[in-house]
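The values are calculated or read from the model by the stated rules, or taken from the named source; none is laboratory data. All figures in this text were calculated on a predicted structure; none of them were measured in a lab. Ideal geometry is used to build each Cβ from the backbone, glycine not excepted, and the neighbour counts take in all protein chains shown.
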Amino acid sequence: MPHYFLNIRDGDRLIADCEGGPYINLEAAREAAVAAAREMLSEHMRVGRFPIGLRIEICGADNDVLTVVPFRHALTGLSGADDEAELGARLDRLLSENMALRLEFERHKRRARTLCDALSKFAIAGKQANLRPRAERGA
């Protein structure tokens, strides 16, 4: 059974699959790469990262790259140039929306923190006023 290596490429950085694995054929190795890419994407997306620029390079025993599985193809199984352009545009829009939502969330979080601080100061001032002797409070 042929032995294939599923290396992860991030720009110039390579994360080598040192052990590799036996697959019936290149298509079976490609299916395993797509499944691995989907799993990695879901883990990254849970924490707000979208590593769509990553890809898995499937290499043979001689370390030659036989085929490449871009992570963005793993999202929908698209492989054509038109499909990739459409998916890229859609992902760019989603990333922009995600960034806008994160900025809005941070703005609301700062506002909530400011309100909590103000309420805390108000509560402390109220407690201090109640601790003064009655004569000082005007009773």
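If the condition is being farther than 19 Å from F71 by Cα and surrounded by 11 or more Cβ atoms within 10 Å (Cβ to Cβ), then region 88-100 contributes only M99. Per the listing A85, A135, A89, A139, the residue uniquely part of a loop (DSSP other than H, G, I, E, B), more than 21 Å from E39 (Cβ to Cβ) and modelled with pLDDT under 80 is A139. Which residue, of R30, R55, R49, is within 16 Å of the chain's Cα centre (by Cα) and either more than 24 Å from L91 (Cα to Cα) or surrounded by 15 or more Cβ atoms within 10 Å (Cβ to Cβ) (or both)? From the options R30, R55, R49, the qualifying one is R55.
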